[in-house]
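Presented below is the structure to which this report refers.
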Amino acid sequence: MNQVVGIGVDIVEVERLARSLERTREFAAKVFTERERAYCEARAHPAEHFAARFAAKEAFLKAVGHGILEGIPLLAIEVVREGDGAPELRLGPAAARALKEAGATRALVTLSHAGGNAVAFVVVQ
Ligand SMILES: CC(C)(COP(=O)(O)OP(=O)(O)OC[C@H]1O[C@@H](n2cnc3c(N)ncnc32)[C@H](O)[C@@H]1OP(=O)(O)O)[C@@H](O)C(=O)NCCC(=O)NCCS
């Protein structure tokens, strides 16, 4: 069994994320993969799901001990969901490298949204 080597949590105000999405078209393209955008936009309240995914990206950075400006593009940390299943993280090269440098081989994520906030918790092991 793999040992836990890092944890990270983040909370995002849904309204704030919605404002960032409205302000510029580039924001969504810079932060969310095509697959993430398709998932969120197909939901009744897209901003909740975008906010949860933003939180997941920041929680991952905390779990591997990286700052948000330290060279890992947020696009390299992707939340994917198959059907009704639990969300999973797919990592691009820069994020996979950070995971390895943290001494971990996998990253687990869980998401929740309620009361105008979205939260994500990441464990790396
Ligand atoms: C899992 C579940 C209870 C969460 O419901 P909820 O409390 O209304 O929702 P929350 O706001 O706390 O969490 C929503 C997030 O839960 C996550 N989630 C959904 N199904 C999940 C599952 N089966 N396992 C883990 N996480 C799940 C999703 O990431 C979702 O966010 P997203 O749509 O932005 O990706 C609900 O989605 C459900 O009943 N799903 C179907 C039944 C199921 O598969 N249950 C688990 C096995 S018995």
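Here, each number is a calculation from the coordinates, and none is a lab measurement. Being a predicted model, the structure only gives us computed values, none of them experimental. We place every Cβ from the backbone using ideal geometry, glycine too, and count neighbours over all the protein chains shown.
Among the candidates ALA63, ALA55, single out the residue that is small (Gly, Ala, Ser), part of a helix (DSSP H, G or I), out of contact with any helix residue (DSSP H, G or I) (no Cβ under 8 Å at 6 or more places or on another chain) and over 19 Å from HIS113 (Cα atoms).
Values: ALA55 fails: over 19 Å from HIS113 (Cα atoms).
Every option except ALA63 fails the conditions.
Table: residues versus (1) loosely packed, with under 14 Cβ neighbours inside 10 Å; (2) over 14 Å from THR110 (Cα atoms); (3) within 12 Å of the chain's Cα centre (by Cα).
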position: PHE60; (1), (2), (3): no, no, yes
position: GLY65; (1), (2), (3): no, yes, no
position: GLY71; (1), (2), (3): yes, yes, no
position: LEU74; (1), (2), (3): no, yes, yes
position: GLU78; (1), (2), (3): no, no, yes
position: ALA86; (1), (2), (3): yes, no, no
position: ARG90; (1), (2), (3): no, no, yes
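Being touching a residue at least 24 places away in the same chain (Cβ under 8 Å), of a type in the set (Asp, Glu) and near the ligand (Cβ under 9 Å from one of its atoms) narrows it down to one of GLU78, GLU48, GLU58, so name that one.
Step by step, each of GLU78, GLU48, GLU58 is checked, and only GLU48 is touching a residue at least 24 places away in the same chain (Cβ under 8 Å), of a type in the set (Asp, Glu) and near the ligand (Cβ under 9 Å from one of its atoms).
Any residue at all in the range 93-113 that's over 15 Å from the mean Cα position of the chain (by Cα) and on the phi > 0 side of the Ramachandran plot?
So far as the range 93-113 goes, yes, one or more of its residues are over 15 Å from the mean Cα position of the chain (by Cα) and on the phi > 0 side of the Ramachandran plot.
Condition check ((1) in contact (Cβ under 8 Å) with a residue 24 or more places away in the chain; (2) out of contact with any Gly (no Cβ under 6 Å at 6 or more places or on another chain); (3) more than 13 Å from the ligand (Cβ to nearest atom)) across all residues:
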{"residue": "PHE32", "(1), (2), (3)": "yes, yes, no"}
{"residue": "ALA42", "(1), (2), (3)": "no, yes, no"}
{"residue": "LYS62", "(1), (2), (3)": "yes, no, yes"}
{"residue": "GLY71", "(1), (2), (3)": "no, yes, yes"}
{"residue": "ALA96", "(1), (2), (3)": "no, yes, yes"}
{"residue": "LYS100", "(1), (2), (3)": "no, yes, yes"}
{"residue": "ALA104", "(1), (2), (3)": "yes, yes, yes"}
{"residue": "ALA118", "(1), (2), (3)": "yes, yes, no"}
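Which condition number does GLN125 fail, the rest of (1) surrounded by 16 or more Cβ atoms within 10 Å (Cβ to Cβ); (2) within 16 Å of the ligand (Cβ to nearest atom) being met?
Result: GLN125 fails condition (2) only.
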